[in-house]
Structure formats: C-alpha cells, structure tokens
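Reading through the structure tokens given below for one structure.
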Amino acid sequence: MSKPTVVLGISGFYHDAAAAIVCDGDIVAAAQEERFTRVKHDPGFPQLAIEYCLREAGVAPEDLDAVAFYEKPLTKFDRLLETYLSYAPAGFASFRQAMPVWLKQKLHLPRVMDRGLKGRYQGRYVFPEHHESHAASAFFPSPFEEAAILTIDGVGEWATAACGVGRGNRIELTQELRFPHSLGLLYSAFTYYTGFRVNSGEYKLMGLAPYGEPRYADVIFEKLIDLKADGSFRMDLSYFNYCQGLTMTSERFHQLFGGPPRQPESPVTDRDMDLAASIQVVTEEIILRMVRHLHRQTGMKNLCLAGGVALNCVANGRVLREGPFEDLWIQPAAGDAGGALGAALVVWHQLMGRERRPQPADSMKGALLGPAFSDDQIKAVLDGLGACYHYYDDDTMLDRVVALLGEEKVVGRLQGRMEFGPRALGSRSILGDARSTKMQSVMNLKIKFRESFRPFAPSVLQEYVSEYFEMAPGVESPYMLLVADVRPEKRVDGDARGAGLKGMALLKAKRSVVPAITHVDYSARVQTVERDRHATYHKLISRFRDATGCPVIINTSFNVRGEPIVCSPEDALNCFLNTGMDALVLEHFLLLKPEQPEGLLSNQEEYLKAFKLD
Ligand SMILES: [Fe+2]
C-alpha cells in the first residue's frame, strides 16, 4: 500500500486552539487543546492536540506532507496596527496588552510550529485566510456536491463575515464584511454588557433570550447599526470600545441602555433578559437577510454555515424554516477550533487539487474524532484509585443505564471517541430523564453548578423527531445546532406567558411532557440521533424508549461550569466523584456513587475552584 498524503491543520493563539489531521482526504482525527490541558477555550498553541492527532493517524512529524495554520498572522497583525494607529493614543492599553504575545510567538509562527513538531517536519507551512478556513470546514465535509457558503464570526484578519459558493473540490468566496463591523462582536458586546464572559458566555445570552421581551430591538436598529437589505451593516462605533479599549462597550452605550454593565454573578434583571431577547431578534434578522441575499445571488439549493455565529442554533432553526434554501449543513466545530480542520481541507482540495467525494450523511463521522479509551485502560485507572465498579456486557449495561435514568438518576457517560466541537453528542455526556420535573434544577445546581435559568437539550431518536418537535421527519440535527419548538400536543399547562408569568417565574410552569428539555418559550435545542452516526447512543435511547415509551432523553455536556468537557476516564471520574452525579458509565464499567469508598469523595469546593467561572 502506498503511503497516504497527510495534512495537519492547526488553529490557535486566539481562543479554542485545536488540531485536525486529514489522510488522503479522510478526516482521521480532530480535537480541541482545552480537552487535554483542562483549560477551557485554551488559547495557546495546540501541542497536545497535535500529538494526539499524529498518534491517532499513526504518523510522525516527518511523515506530514503539509501543515496549515488557519489564518494569516501577518494580515491580522496589519489590522491590529492599523486599528491602533487610527485610534492612537487611545488604544495604547489594549495595544500594550496584545503586543508581547505577537512579538514572541504570533509573528514567528513557523518557528513555533517547528518547535511543536520537534524540528522533525521539513515541509512547507500554508496559511489560508481565516474565513477561507471556516468556509472550507463548512463546505468540504458537507454532504453537498455544490452549495452556497456563509461564514460569520467576531473577526479573522479583516473579514467578519464572508460568503460564496462551493462546487466539487473548490470554494470561492466573493463578498465579505470587514472589521470593525461585525455581527460576532456586536453579539459579544451584549454578552459583555449583560455580565457574561465574551467568547464563552454568548451561549448563555442566547439561553436567556426566551425569558425576555425584545423591547430594545428598535433602538439597536436605529442607533447601533445601519442595516442594508443584503444583510451587510455598519456599526456606529461611538457606542463601542473594542477598537481602542479593553472593554466591549462605551459610556455612550451604557447611557443608551440605562446603566453600567451587569456585574458578573450578580442577579440577572428583567433588563438583561430583554437585552438578550433584543440582540437575538436583531441577530436573526441580520442572518436571514444575508441568507436571502446569498440565495438570490447564487440560486443554489443548499447552504453551508460556519464561524462562531453559526453556533447560534436559534437563528439556524429560523434559517432552515424560513430561509429560501432547501437544505442546510452546519460544521459542528463552527467556531475557531473548526478552522484547524478547514485549513487542512483547503490544502488537500484547493492546493493539492484532490478530488472530493461527498458522503450521503457528511464526512465528519458524527464529529466523533477525538480519543477513545479501552476497557483495559479504564480498569487500570479504576483499580489504581480503588474505585468500586461493575463490569457488564453491552446488553446488560443498556438495561442498567435505562433503569437508572427511569429512577431519575443522573448518569455520566464516556463511550467511544470524544466529540470535536463545543457540543457533547452522547460520548462525553451527562444524561437524565427528560420527563422528570425536577431534573432541570437538579442538573443545573447539583451537577453542573451553573445558573438555574440555563436550559437543557434533548437527544431524540431520528425516527421520532417530528412526533415531539416541529421538524419534518427527514430533517436532521445530528450536531445539536438547530432549535425547534416542542409540538403543541406535547405541551401542557397552557400558555404560561399568557397566564401572566414573566422572567424567571416562567421556569415554574411544567411546559410539556418532556419538561426538562423544554425551554420557557417551548423551544428545544434538538440533537437527532440516528443509527449510522451514533450507533451505541442510538441503542441506548431506543432501549429507554422500549422501557418507557419516550424516545427523548436529556443530554448535557460532561463537565461542571467552567470546566472543559471531559476527555479521559480520569477526567470523567474526577467530575463524577466531585458532583451530585449518581452513576458513571466508562465503556463497560458502571460506577454507582453510594458504593464508592469514602476516601475517594474529595472536596467538592476545591474541585470547583480549579475552574474559572465562565
Ligand atoms: Fe473565526
């Protein structure tokens, strides 16, 4: 057999460093650095992720045919300098903060990468553009022969959004929106203003939106942005501070919305909820305009999305339902981690001109591209610690887990390869019974130690998706990137909002027959599970349905607040032992909390302190 052509993709030095490896066009492995270093959104160089990818592919650095970094550092530096100069001396503080890492590392990337590859790689380094990497990650692994492509994020080099088309093994980006006008940064400005962390709290803001009323949407349209029919816009920069300062919003912004930003961890007010609802409405309007414009321009049937803003699954749900495109595919690692994969695919298809064969599902292998662990490895860890466990065959394990879920127990599950991207899809997940009325608060407060308003997502068997959710039978959401409403016949308690409940009080209504995964506006962030992509997970939910009649369970990522999703059996065990989790599945091993020796249950507070609040 001839030696495969191997391309390594790298993203890093901003947030969510990651590596991906592509062998003869096959996506063999991809993972975020945070999972190995245990530092959430690790912004450094993805040394451990690279080493993992090489190991998984069975290659050494000298076997690599090309290495691609997901953006052009010099062009990005150019943007930084130009922005600084046009605001000087106002931007000196942020300039001074950014400079050391640029001078030490970012401007010398080939040297840094040489070191990362132990000096054993002699080939060339390729630097596609940031949005080219996003676009490649959106189109090349998609199931489509041809498609329109839209990428939206905070900012790359200069571009903050880009669109174009993909055909066969080529992509062509034809239009872009440029810094400082950015939907990602606009959304992040509201994330900051409502007291959440930029680049990680955006998800919370989206989750908060259904509690509020969009009463500021008009003000945003009137004052903050000048939106055109094609979805492009200009921002009034006097309301923002990210070009020159260390904060996102300016004093003028605070005056406009009636006060200073919410202090992190202070109570969430009605104003915060209404701001969340407002920026969500604005975001959806901008995206829908961009999508309609792109459809008019390209006349294509299919759309591919990537970039951090493509993780806004509420907007994605609307694009699918209302947009003129017939079909939609979203890269599961839509943020910058996915840029590592996109960069590698740019090299393989665009540069090397290699053929592309779209797969009927897609080429992401269910996003199961990270490490897996054998029973032997797990047993060694458990025995080393003196943990108490049961070993079961596949079939018995399914029955045990289904029984535990039915008793309203919370079960952590590590099975198979770890997911690539921010969502857990059953391999590194915490599971619960979606029918339980207490599960949302138990999971938020005793397991994840996070804000009580945050919703949970359902995993539903693909075969039953349209029985529970307003999605057509064939529509897939395998990567949990679409929000859809729970069907009216599954709702209970009438209309809570109509009955006068407001804000957090909405949480008190039962809402549906699967209350734990039904948000206060009856929406749900759906993961459809089908046999081919997620076989063992499909079996588990099928068994749960056989026992209970319900094809829906709760799926939340296996971590506590601020912690990266678990990767190894050690990580999973630590999280299990230090939270209120009742049971833990590690491949064929089952651990029950009450059976664990006293000495293993260490100090919960100490454990939580290890992770910075997100
Ligand atoms: Fe990006």
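The values are calculated or read from the model by the stated rules, or taken from the named source; none is laboratory data. Note that the structure is a prediction, hence the values are computed from the model and not measured. Glycine also receives a Cβ, built like all others from the backbone with ideal geometry; neighbour counts cover every protein chain displayed. Side chains are part of the model used for accessible areas, which takes the heavy atoms of the whole protein and leaves out ligands, DNA and RNA. Shrake-Rupley method; radii C 1.70, N 1.55, O 1.52, S 1.80 Å.
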Among the listed residues LEU177, LEU205, LEU246, identify the single one that is in contact with a Leu (Cβ under 9 Å, 6 or more places away or on another chain), more than 16 Å from the ligand (Cβ to nearest atom) and either over 18 Å from ASP614 (Cβ atoms) or part of a helix (DSSP H, G or I) (or both).
LEU205
Matching entry among ASP327, ASP362, ASP375, ASP383 (being open to solvent by 10 Å² or more (accessible area, probe 1.4 Å) and touching an Asp or Glu at 6+ places or on another chain (Cβ under 6 Å)):
ASP375
In the set GLU251, GLU265, the lone residue that is surrounded by fewer than 18 Cβ atoms within 10 Å (Cβ to Cβ), of a type in the set (Asp, Glu) and in contact (Cβ under 8 Å) with a residue 40 or more places away in the chain is GLU265
Tell me yes or no: at least one residue of segment 18-25 is in contact with a strand residue (DSSP E or B) (Cβ under 8 Å, 6 or more places away or on another chain), within 20 Å of GLU570 (Cα to Cα) and away from the ligand (no atom under 16 Å from the Cβ).
no
The residue from ARG417, ARG356 that alone is under 25 Å from the mean Cα position of the chain (by Cα) and among the basic types (Lys, Arg) is ARG417
Total residues in segment 542-559, condition small (Gly, Ala, Ser) and more than 16 Å from GLU407 (Cα to Cα)
2
Counting only residues that are of a type in the set (A, V, I, L, M) and part of a strand (DSSP E or B), which one in segment 6-17 is nearest to the ligand (Cβ to nearest atom)?
ILE10
Report, by residue number, each residue of segment 386-408 that is surrounded by fewer than 19 Cβ atoms within 10 Å (Cβ to Cβ) and closer than 14 Å to GLY432 by Cα.
ARG400, ALA403, GLY406, GLU407, GLU408
Can you tell me which residues in segment 158-172 are within 14 Å of the ligand (Cβ to nearest atom) and either among the aliphatic types (A, V, I, L, M) or open to solvent by 10 Å² or more (accessible area, probe 1.4 Å) (or both)?
TRP158, ALA159, ALA161, ALA162
Kindly indicate which of ARG96, ARG55, ARG35, ARG111 is open to solvent by less than 10 Å² (accessible area, probe 1.4 Å) and in a helix (DSSP H, G or I).
ARG35
Cβ pairs under 7 Å, 6+ apart or interchain, first in segment 109-132 and small (Gly, Ala, Ser), second surrounded by 17 or more Cβ atoms within 10 Å (Cβ to Cβ) and at pLDDT 90 or above, ordered by first then second residue, are GLY116/PHE45; GLY116/GLN47; GLY116/ILE50; GLY123/LEU64; GLY123/ASP65; GLY123/ALA66; GLY123/VAL67
Kindly provide the set of residues from segment 212-243 that are touching a strand residue (DSSP E or B) at 6+ places or on another chain (Cβ under 9 Å), buried (at least 17 other Cβ atoms within 10 Å of the Cβ) and assigned to a loop (DSSP other than H, G, I, E, B), ordered by number.
GLY231, SER232, ASN241, TYR242
Among the residues of segment 180-190, what is the count of those that are part of a helix (DSSP H, G or I) and within 14 Å of the ligand (Cβ to nearest atom)?
5
